[in-house]
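Below is one structure, written out as structure tokens, with a few remarks after it.
What follows is calculated from the coordinates using simple rules that are stated; it is not laboratory data. The structure displayed is predicted, hence computed values, not measured ones. Here the Cβ positions follow ideal geometry from the backbone for every residue, glycine too, while neighbour counts run over all protein chains shown.
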Amino acid sequence: MKTFDTFGIEKYGKDVQSIVTDLRKNPGDQLYIFLNNFVGFMDNKSPKTIRTYFGWVRSYLRSQGIKTDLDDVKDFVSFPTQIIERRKALTREIIRKLLDNSKEQRKALYLTLLSSGMRVGEALALRKRDFDFTKDPVVVSIPARHTKTKQGRETFISREAKELLLRLVKRKSDDDLVFTHQPNNEQAVHNEEMAFRKLRKRCELLEKYPDGKRFVVNIHAFRSYFHTKASKIHGQEYANALDGHSSYLGQYYRNTEEERAEMYRELEPNLLIYSSQEMAQTQKEMQSQISLLLTKVDELWTDKQRMESRKR
């Protein structure tokens, strides 16, 4: 309602209550002119956000005895069209750059996000007791009250995230928040978004989508990274289940606990940011050593054949 308050002051020079009183006196065309002006006032927000705010104001006016007709809203209120840009995927190189420029606590948060499919708010609400470090892979239990769908679920984190988290929770009690000291979840999410803005600037990752409003690299893209990798290995239904889409959870939980863990183990190598590169380098070095050994064997075999030939 803060936006509504600001609109009333800037556009009409009146507070909300005064505007409501005026609208009660003139409930006809003036109401829809007012609502259309309110939509125009929010031109710096996304089309989806504008419709959400409009819905809140419409509900508020109804609570004040001012009803709006849906057909009249369609006829007299002009909403901006939702432009859907094709999202660009984060690369391992970009993620590594972000991690290398982050402090350990945020590095642990980012590795948790990109290896679990959790929303930022879900991760920031987690307490030490929600992690079962005795399981392999580590099981994370997300309480229903903190999920968007209000349905509890479990997910997993990678061994890279586990390594940092073990250090992070070492001196915490079971009831302590893991990634923040801010108990207000909405404020905690806002704080992390602000911190990520600074990080993005330090890393010079400032590319925006054509609408000029949204950055390609943002904190919520970690979840998209997980979804893409999970979809490629186990399909969309699996990815949607771990992401927290309630319609897919029933099918996912028909798998046994060990089956779910095994599916994640198959996925995990695709989620590693540092280990995967180190493993690739190790494999390359091993392949080089094998090639040298094979060459040496060939040389020894040739020498043996030559010596046997001389004896004859």
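Values as computed for the structure displayed
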item: Per DSSP, loop trypsin sites (Lys or Arg not before Pro) in segment 33-117 with at most 16 further Cβ within 10 Å; result: LYS45, LYS67, ARG86, ARG87, LYS88, LYS103
item: Charge dipole (the chain, unit charges on Cβ, about Cα centre) - positive-most of TYR225, VAL140, GLY244; result: TYR225
item: Ranking of ILE219, ILE94 by count of other Cβ atoms within 10 Å, fewest first; result: ILE94, ILE219
item: Linear extension gain, ILE33 paired with ASN255, 0.36 nm per residue minus alpha-carbon span; result: 74.4 nm
item: Label-to-label distance, nm, for residues given as PHE76 and VAL16 (7 Å Cα→Cβ offset); result: 2.2
item: Neighbour-limited loop hits for GluC sites (Glu not before Pro), segment 126-224 (at most 15 other Cβ within 10 Å; DSSP other than H, G, I, E, B); result: GLU204, GLU207
item: Reported label for calculated volume of the Cα convex hull per residue in Å³ given [x] 139; [y] 220; [z] 178; result: [y]
item: Packing-based exposure ordering (other Cβ within 10 Å, fewest first) of SER224, SER63; result: SER63, SER224
item: Rough spin-label spacing in nm, given labels placed 7 Å along Cα→Cβ, for ARG86 and LYS148; result: 2.3
item: Calculated [θ] (222 nm, deg cm²/dmol) that DSSP helices of n ≥ 4 give over the chain, each run adding -39,500 (n - 2.57); result: -18500 deg cm²/dmol
item: Mean separation of Cα contacts under 8 Å, 6 or more apart, over the residue count of segment 2-76: relative contact order %; result: 32
item: Taking the chain and dividing mean pair separation by its residue count, relative contact order in percent (alpha carbons under 8 Å, at least six apart); result: 16
item: Ranked list, fewest to most other Cβ atoms within 10 Å of each Cβ, for ASP71, ASP5; result: ASP71, ASP5
item: Long pairs among LYS45/LYS107; LYS103/LYS172; LYS103/LYS198; LYS170/LYS198; LYS2/LYS198, criterion Cα-Cα beyond 21 Å; result: LYS45/LYS107; LYS170/LYS198; LYS2/LYS198
item: Given charges at beta-carbon only (K, R positive; D, E negative), |dipole| of segment 67-128 in Debye; result: 700
item: Cα gyration tensor shape of segment 2-76, rounded if a/c is under 1.5, else prolate or oblate by comparing a/b with b/c; result: oblate
